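Bear in mind these aren't lab numbers, they're just calculated from the coordinates by the rules spelled out. Just so it is clear, the model here is predicted, and its values are computed rather than measured. Neighbour counts are summed over all protein chains in view; Cβ atoms, including those assigned to glycine, are modelled from backbone coordinates with ideal geometry.
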Amino acid sequence: MSSSIADPKIIDLLNDRKKAANGSGGNGGAVASLEYFPPRTDEGVKNLYARMTRMKNNVSPLFTDVTWGAGGSTADLSMQIALEAHKRGHVANLHMTCTNLAGDTDPKVAVKDALQQALDGGIRNIVALRGDPPAGEEEWKVAEGGFSCALDLVKFIRAEFSDNVFGISVAGYPEGHPNAITEITDPSTMTPSEAARSSKSHETGQVYTCKDEDYDKEMIYLKEKIDAGADFIITQMFFDAQVFIQFVKDCREKYDIQCPVIPGLMCLNNYGGFRKMTKFCKTRVPADLDEGIEAVDKDDKDAMKVYGTEFGRKMCNDLMEFLNEDVAPYALHFYTLNLEKVVYGILTELKMMTNVEDANEADASLMTAVGSAWARVGDTVQTKDDKKQKGVVTDLHKDGTAVIKLSSEDGSGEEITLKKGEYEKVF
């Protein structure tokens with residue numbers, strides 16, 4: 001189960017696939033990669049390790065990401081899981097963010113120490129990210145003496161660790177970074193490119209998009225990250241293949257970004273999670289997906305996974321048709337949500353996996369992220385006392401104290417204030 005051998009760099013694995021396909025003039029075609037997050041409980045972590053081994057045997061992923069919680073909240077556990085993934089034969093790709101890792105410690109020293117720990121453990125691949133704000137904060141802020149953005153982190157890794165010992169990937173945003181997405185009061189004023197990547201709120205019908213001038217800034221910044229030493233791009237989730245395809249065309253033709261661009265694919269496992277994620281990220285939901293998911297019995301978990309498999313198969317086929325002709329090698333990167341059925345279903349339909357042992361998701365309730373344990377304004381929570389009263393967060397303080405409007409039949413629920421640890425998020 002253990003291995004002292006260092007992982008290969010992912011960019012080398014990708015390039016090797018292209019070299020092997022040179023005789024056919026291709027780029028190596030599709031291969032799968034996976035992403036996991038740190039579960040909230042020890043039992044969840046134990047079960048994740050078992051799942052990681054099953055999925056390694058069934059999927060043979062090119063590489064496996066392990067996420068880093070908001071505000072560095074899961075730093076130790078993320079490291080532990082990434083090192084365990086390495087021991088179990090995965091090529092670990094550890095997320096690392098600019099947020100402070102160790103309280104009052106110099107944040108750059110803390111990041112360097114974490115990178116050294118990863119290096120000593122055989123990890124050779126890092127995803128350099130700015131990161132999300134920590135619990136209780138709506139806006140991301142630079143830690144004193146720390147990094148201001150992912151570009152700083154890429155430069156730091158390349159400067160502090162010689163011989164390009166780490167492979168580095170960075171995030172790309174086909175629809176624009178959520179912070180660069182704007183509410184549009186009159187959709188008729190959008191340009192064709194703005195309309196093509198726009199989203200509409202399922203609840204209110206409000207339209208959002210990343211305006212062309214902001215998209216241009218995003219792409220220039222992405223180019224800077226690659227020029228600073230990043231090897232390839234993994235994208236934010238999307239559900240419209242044409243948005244991703246246009247993003248790659250823009251990389252190649254307008255911004256001279258020629259490195260691999262890996263599509264990040266969010267698996268559809270349940271209705272509530274899908275609506276919550278797309279609302280939070282203002283993600284574009286194509287009309288066929290919007291209508292299709294509404295037609296599925298929302299209380300039938302198996303039916304939702306069947307639909308998620310079919311939608312994923314169709315989108316992957318569209319992506320593969322385009323990416324097989326691209327200049328760079330690629331992978332299909334699955335945001336697994338620490339589950340396996342939909343991933344297996346999609347890859348089986350794509351004929352990328354055979355002889356699969358049955359997926360086991362009896363532990364699905366344990367696969368809640370550490371980073372999602374804290375709430376934001378608008379989230380549904382419940383009290384952790386015997387009453388288990390539910391309500392909606394209306395205000396949130398930096399120390400995690402929340403103002404919660406309790407649910408009531410007439411909508412006139414009482415407002416209460418609870419300290420962090422006295423309430424929990426409802427999923």
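Here Asp42 and Lys217 are evaluated by their C-beta separation; at R0 = 51 Å the FRET efficiency comes out at 0.75. Distance between the modelled labels on Asp299 and Thr53, one decimal in nanometres: 3.8 nm (7 Å Cα→Cβ projection). Annotation: amide H of Arg40 within the under-5 Å range of Thr368, Val370, sequence separation 5 or more or interchain, hydrogens built in the peptide plane.
Spin-label pair Glu415-Val327: with each label point 7 Å from Cα along the Cα-Cβ axis, the two points sit 5.6 nm from one another. Were the residues from Thr204 through Ala287 laid out at 0.36 nm apart, the gain over their Cα-Cα distance would be 28.3 nm.
Expressed in nm to one decimal, what extension gain is obtained for the pair Asp386 and Arg275 from 0.36 nm per residue of sequence separation less their Cα-Cα distance?
Details: separation 111, 0.36 × 111 = 39.96 nm, distance 2.93 nm.
Net length gain for the segment: 37.0 nm.
Given H placed on each backbone N at 1.01 Å, which residues far from Asp65 in sequence or on other chains put an amide H within less than 5 Å of it? Under 5 Å from the amide H of Asp65: Leu34, Glu35, Tyr36, Asn93. Taking amide H as placed 1.01 Å from N in the peptide plane, Met266 has its amide H under 5 Å from the amide H of Phe238, Tyr335, each at least 5 places away in sequence or on another chain. Counting 0.36 nm for each residue step from Lys249 to Thr394 and taking away their Cα separation leaves a gain of 48.0 nm. Among the listed pairs Lys87/Lys279; Lys9/Lys217; Lys155/Lys282; Lys276/Lys420; Lys249/Lys282; Lys282/Lys384, a Cα-Cα separation exceeding 26 Å is found for Lys87/Lys279; Lys9/Lys217; Lys155/Lys282; Lys282/Lys384.
Modelled spin-label separation between Ala195 and Glu422, with each label point placed 7 Å from Cα along the Cα-to-Cβ direction: 5.2 nm. Peptides 12-20, 170-178, 244-252, ordered by how many other C-beta atoms sit within 10 Å of their residues on average, highest first, read 170-178, 244-252, 12-20.
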